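The values are calculated or read from the model by the stated rules, or taken from the named source; none is laboratory data. A quick note: this is a predicted structure, and the numbers were derived from the prediction, not measured. Cβ placement follows ideal geometry from the backbone for every residue including glycine, while neighbour counts extend to all protein chains displayed. Heads up: the accessible areas ignore ligands, DNA and RNA and are worked out on the full protein's heavy atoms, side chains in. Shrake-Rupley method; radii C 1.70, N 1.55, O 1.52, S 1.80 Å.
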Amino acid sequence: MSARPEVATAAADPAATWRGSPTFRWAVVAVACVFGPYVVGGLRTEQLALYGSAAVAVVLLRRHLGALRPGWPVLAAWAVYAGTAAVAAFVVDSELGWGTGSLVAGLDNAFLPLATMTAVALWGSALPREALLRAVCWVVVVGMSVNAALALLTSYVGFDGVPLLPRFWAAGGSGTTVAELAAGSGRYSGLFNQPAEAGVAYSLAVFCLVFLVRTGTRAPRWSWLVAWALLILGGLLTLSKIFIVVGVLLTAWLVLTGRAHRVVLTVTAIGTVLASGVLGVAGWLGSWGASVQLQWYVDSVRYGDSLSYTLSAGRFGTAGDGHPPAPPPEPKATEGGEGVPEEFQVPGGLVEVAREVVQHHPWFGVGARGLPVSYDSTWLEAVIVAGVVGVLCLLAVHVLLLVRWIRLRHTLPREEWRLAGAVVLLALGASLGMPALTGNRESSLMWVLLSLLVVFRVVGERGRERDQEPPWR
């Protein structure tokens, strides 16, 4: 009996003949560095690996620079956004009187996606995309599975029991971190400093695992089922609305609309959620704060808050007349930095901040320095750092990604196209709750996958394995 079409690729591992290639190893190690710690000052291994990879790739793979051409619309839109934020930081004199954030962090937020896209495009030109994509998916799955195990351990033993974790959250001496504040309300994000960032990364990981098991994997079934359960548990431990609402819905779409392993994936997922709920209610899941968070949402609905108010935990929308309790504690990070600097408070919240920026600096915002306020959405960040120009650029990026994904339907293999759709839709959905395209760590993983799946793919060009030997072999 022949194998199912959905798992036909299991017969041959597309990465097998390329693992000895220096380019292949370089790409895998660089992506794995996203999960690394701070090394010198405010530098993470993620930044060193991706900026360095972009520079080295341009030099060593310069004969492949034509690989950037298919992605020029996205590259150009993001370059205008980054350039606007960078220039405005030096020429705009803020009239808001609230001070500014970190210029270095703001510039990193703006330019790291460009470096990531460049590196991935050149890797993809020198290696088979299928082999590179599968390798990246495995890195994301393994990295986030380990992260989930660390988060679970932390919920039982606290930070003192895992003394190295603070090196992954912030540069030494940065003071109290967002991860520590989040743990105070029972939210655990492992290596990630913010639960929302971890929620995006867990969502990407479950998408990648569905793709891997649907297209064939030599790993024993028990191993990827353990990873599947860990990823779901890790996402729940963050209590991230991005994971629980957007990530879960997109994962359900991926699982339920395909046939291979649909039953075992569904049963394991439901079982993990139910077991987590029971253990949490019984107080046997460490100090997980699900019950506190859930009670606020129940009260919010009972008091008649608007749907947007409830789903955004009080960020948007209007509160009901019943005067519900304050929203659940939400740890904040400002201007992309890793500490928790003193934030200003504005009556009216985020909407009022945006209104003030548009009133005083409508076209270019205040520049990459930003403001000492948490960026609770991609669009708020764009308004602050690049004004109307920045919002238009990011709108163009999202539209380009969505349109290109739709047009690639008859070009990409079915499961690859579905993975691409999940990542694109996650980027769009998560943008309403955090700066998903510039957040630490998670945005690098997202841009790596977007670059491989959408940005640099040519509509009508079928994927194919290369016949030549790997470069530098």
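The set of residues in segment 155-212 being assigned to a helix (DSSP H, G or I), open to solvent by 10 Å² or more (accessible area, probe 1.4 Å) and among the hydroxyl-bearing types (Ser, Thr, Tyr) consists of Tyr156 alone. For segment 365-416, filtered to residues that are of a type in the set (Gly, Ala, Ser) and out of contact with any Gly (no Cβ under 9 Å at 6 or more places or on another chain), the residue that is most open to solvent (accessible area, probe 1.4 Å) is Ala396. Here Ile244 meets each of (1) under 14 Å from Ala151 (Cβ atoms); (2) open to solvent by 10 Å² or more (accessible area, probe 1.4 Å); (3) hydrophobic (A, V, I, L, M, F, W, C) with one exception, condition (1). The single condition among (1) more than 22 Å from Ser443 (Cβ to Cβ); (2) within 26 Å of the chain's Cα centre (by Cα) that Ser300 does not satisfy is (2).
For segment 43-73, what are the residues that are closer than 24 Å to Met144 by Cβ and either among the aromatic types (Phe, Trp, Tyr) or not in a helix (DSSP H, G or I) (or both)? Across segment 43-73, the qualifying residues are Leu43, Arg44, Tyr51. A single member of Thr217, Thr251 is among the hydroxyl-bearing types (Ser, Thr, Tyr) and either more than 17 Å from Val267 (Cα to Cα) or surrounded by fewer than 24 Cβ atoms within 10 Å (Cβ to Cβ) (or both), and it is Thr217.
Within segment 60-70, can you find the residues that are open to solvent by 30 Å² or more (accessible area, probe 1.4 Å) and either at pLDDT 95 or above or not small (Gly, Ala, Ser) (or both)? Let's see the steps before the verdict.
Taking segment 60-70 as the starting set, the residues that turn out to be open to solvent by 30 Å² or more (accessible area, probe 1.4 Å) are 60, 62-66, 68-70.
Listed by number, the residues that qualify are Leu60, Arg62, Arg63, His64, Leu65, Leu68, Arg69, Pro70.
For Trp138, indicate whether it is closer than 30 Å to Pro22 by Cα, surrounded by fewer than 21 Cβ atoms within 10 Å (Cβ to Cβ), of a type in the set (Phe, Trp, Tyr) and under 23 Å from the mean Cα position of the chain (by Cα).
Numbers: closer than 30 Å to Pro22 by Cα: yes; surrounded by fewer than 21 Cβ atoms within 10 Å (Cβ to Cβ): yes; of a type in the set (Phe, Trp, Tyr): yes; under 23 Å from the mean Cα position of the chain (by Cα): yes.
Criteria met by Trp138.
Would you pick out the residues in segment 216-269 that are outside any helix (DSSP H, G or I), more than 24 Å from Leu285 (Cα to Cα) and in contact (Cβ under 8 Å) with a residue 24 or more places away in the chain? Break it down stepwise before answering.
Step one: list which residues in segment 216-269 are outside any helix (DSSP H, G or I), which gives 216-220, 239-240, 257-261.
So of that shortlist, the ones also more than 24 Å from Leu285 (Cα to Cα) come out as 216-220, 257-261.
Scanning segment 216-269 gives Gly216, Thr217, Arg218, Thr257, Gly258, Arg259, Ala260, His261.
For segment 71-115, the candidate set comprises residues that are of a type in the set (S, T, N, Q) and more than 19 Å from the chain's Cα centre (by Cα); within that set, the residue that is modelled with the highest pLDDT is Thr84.
Checking each residue in segment 141-154 for being surrounded by fewer than 24 Cβ atoms within 10 Å (Cβ to Cβ) and either closer than 15 Å to Arg457 by Cα or under 16 Å from the mean Cα position of the chain (by Cα) (or both) picks out Val142, Gly143, Ser145. Considering segment 92-120, and only residues there that are β-branched (Val, Ile, Thr) and within 24 Å of Glu352 (Cα to Cα), the residue that is least open to solvent (accessible area, probe 1.4 Å) turns out to be Val92. Sub-7 Å Cβ pairs linking a first residue in segment 384-412 that is more than 30 Å from Gln359 (Cα to Cα) and in a helix (DSSP H, G or I) to a second residue that is of a type outside the set (Lys, Arg) and modelled with pLDDT under 95, at least 6 apart or interchain, are Arg407/Val459; Leu408/Val459, ordered by first then second residue. Do we find a residue being at pLDDT 95 or above, open to solvent by less than 10 Å² (accessible area, probe 1.4 Å) and in contact with a Cys (Cβ under 7 Å, 6 or more places away or on another chain) anywhere in segment 229-238? So far as segment 229-238 goes, no, none of its residues is at pLDDT 95 or above, open to solvent by less than 10 Å² (accessible area, probe 1.4 Å) and in contact with a Cys (Cβ under 7 Å, 6 or more places away or on another chain). Scan segment 191-213 and tell me whether some residue there is over 24 Å from Cys33 (Cα atoms) and in contact with a Phe, Trp or Tyr (Cβ under 8 Å, 6 or more places away or on another chain). So far as segment 191-213 goes, yes, one or more of its residues are over 24 Å from Cys33 (Cα atoms) and in contact with a Phe, Trp or Tyr (Cβ under 8 Å, 6 or more places away or on another chain). Could you please let me know if Ala55 is small (Gly, Ala, Ser), more than 30 Å from Val388 (Cβ to Cβ), surrounded by fewer than 17 Cβ atoms within 10 Å (Cβ to Cβ) and modelled with pLDDT of 95 or more? The answer is yes for Ala55.
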